[in-house]
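The values are calculated or read from the model by the stated rules, or taken from the named source; none is laboratory data. Bear in mind that the values here come from a model prediction, so they are computed numbers and not experimental data. Here the Cβ positions follow ideal geometry from the backbone for every residue, glycine too, while neighbour counts run over all protein chains shown. To get the accessible areas, we keep the full protein, side chains included, count just its heavy atoms, and leave off ligands, DNA and RNA. Shrake-Rupley method; radii C 1.70, N 1.55, O 1.52, S 1.80 Å.
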Amino acid sequence: MNKLPKGSKKLINAWAFYDWANSVYSLVIASTIFPIFYAALTIVKNEKGEVVHDTVELLGFNFNNDSLISYVTALAFMVVALISPFLSGIADYVGNKKNFLKFFCYLGALSCISLYWFTIENLWFGLTSYFLALVGFWASLVFYNSYLPDIAFPEQQDKASAKGFSLGYIGSVVLLIICLVMVLNYEWFGFEDEGMPTRLSFVLTGIWWIGFSQITYYYLPKGNKKEKLTRDVLFNGFREIKMIWKSFENNPQLKKYLRAFFVYSMAVQTVMLIATYFGIEEVNWTGQDATTGLIVSILLIQLVAVAGATITSRLSSKMGNIQTLILVNVIWMGICIYAFFVETPMQFYIAAGLVGLVMGGIQTLSRSTYSKMLPEGTLDTTSYFSFYDVSEKIGIVIGMSLYGLVTQVFGSIRFSVLFLTAFFLIGIFLLLKVPRTGKLAKKEAA
């Protein structure tokens, strides 16, 4: 076929459609079906729904089941944080970056499919599949995001990015509903229990991811080769991050803001990653179907997050970015304290709604605030946001590791969630020290 020109509506739609393809990982594997499946494998409950055994053995060591999955998650994000600068350097200079996008896509999707064979007897295999799926998903995004300036002009990029987000949300919800129907009504499909349809959900996720991504691959260009992939090019991403780090000495506002962001984002991302595990272990679902309740909670978070982002945006236009971020962090503290006392499904639904309300808002406002603090006339914004993304992932590593450690010591997620309030409190303290100058001053004075 003929190569589509940059800015072509068909080309932009094809690029955005990768969000439709890969977002099913985020919702089905990271947030809903897999956490429920993992808990069913590793937790024993009594007739009252109380946890009586949640310890698993791996490599001769005993782990709390939540601690183990948090350590694996932290390790995966550490790998992503370490290889992202390499991958960004490759994305900038290699001629056929479509092949790299395909590689990590197929790695992630096939790893999702391999979860079908996850049993407690081959725990190491299942956790390895989970680990590789996470790495494949996040690493593929490096190349996917790097295509944006190749397929759209600057004035089109905001809309193209938003289209990808919208398609991702719709696609992931569609597959989640299909999986939910299959799991909850397994007898309709001739299954004896929900075990097999749950495993098939992992297969469907991988097939969906690979299948729909072919639309993107069909239209995307190979990439424009700038120069040979040498050792210098390979380490270019690390040099850029080092350069950005040094530049903070001349931008105290950005430096102080990043400190605050690193601390409170660590807590935000951890809460988002453990929400389903908390609902599984700490909520008494007696008389209700836990699977339905948990998936409804995740969908509630997704829906409310859209409204939350809009509300936060309007608040920031009146109060200013930093003041709004402080307020949102205070609400996050309240949610963590409230979660410590959550026991019933209704209380969990309320907590989920509150998380959704501030989840979308704090993510979008944090990124836009960072953008406003970049030096005037900055052309290399990619390097600054690469630093931002790596910082966020390292924060996830620390947050998940600490969560796992606290859970291992106290034997309960409740104490881990309560522990996270300290990070929000420190984040608030650090935000109060951020100077209101430049674009922030203009906005907060308006």
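Per-structure values
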item: With all protein chains modelled, accessible area of Lys255 [1.4 Å, Å²]; result: 50 Å²
item: Phe238-Val296 FRET efficiency (beta carbon distance; Förster radius 56 Å; 0.05 resolution); result: 0.80
item: The chain: relative contact order in percent, alpha carbon pairs under 8 Å with at least 6 residues between; result: 25 percent
item: In range of the label at Ile178: residues from region 1-31 whose backbone nitrogen is under 16 Å from the point 7 Å along Cα→Cβ; result: 18-29
item: Residues of the chain: accessible area per residue with a 1.4 Å probe, Å²; result: 45 Å²
item: Ser368-Leu41 pseudo-label distance in nm [points 7 Å out on the Cα-to-Cβ vector]; result: 4.1 nm
item: Carbon plus sulfur fraction of accessible area for the chain, probe 1.4 Å, in percent; result: 65 percent
item: Distance (nanometres) between label positions extended 7 Å along Cα→Cβ at Trp188 and Ser161; result: 3.9 nm
item: Listed peptides 272-282, 295-305, 184-194 by packing density, highest first (mean Cβ within 10 Å); result: 272-282, 295-305, 184-194
item: Filter on Lys6/Lys97; Lys222/Lys242; Lys3/Lys222; Lys256/Lys372; Lys98/Lys372; Lys242/Lys393 - keep pairs with C-alpha separation over 20 Å; result: Lys222/Lys242; Lys98/Lys372
item: Alpha-carbon radius of gyration plus Dmax, which is the widest Cα pair, for the chain in Å; result: 21.9, 66
item: Span-like helix ranges in the chain, DSSP H, alpha carbon extent 30 angstrom or more, Kyte mean at least 0.0; result: 65-93, 123-146, 154-184, 195-219, 252-282, 290-319, 345-372, 381-410
item: Trp245 accessible area, assembled protein chains, probe 1.4 Å, Å²; result: 150 Å²
item: Mean Cβ count within 10 Å, highest first, over the residues of peptides 409-420, 332-343; result: 409-420, 332-343
item: Alpha-carbon centroid distance for the pair region 236-296 / region 1-45, whole angstrom; result: 19 Å
item: Computed accessible area, Met266, all protein chains, 1.4 angstrom probe, square angstrom; result: 10 Å²
item: Value at 222 nm in deg cm²/dmol, rounded to 500, when DSSP H runs of n ≥ 4 in the chain each add -39,500 (n - 2.57); result: -26000 deg cm²/dmol
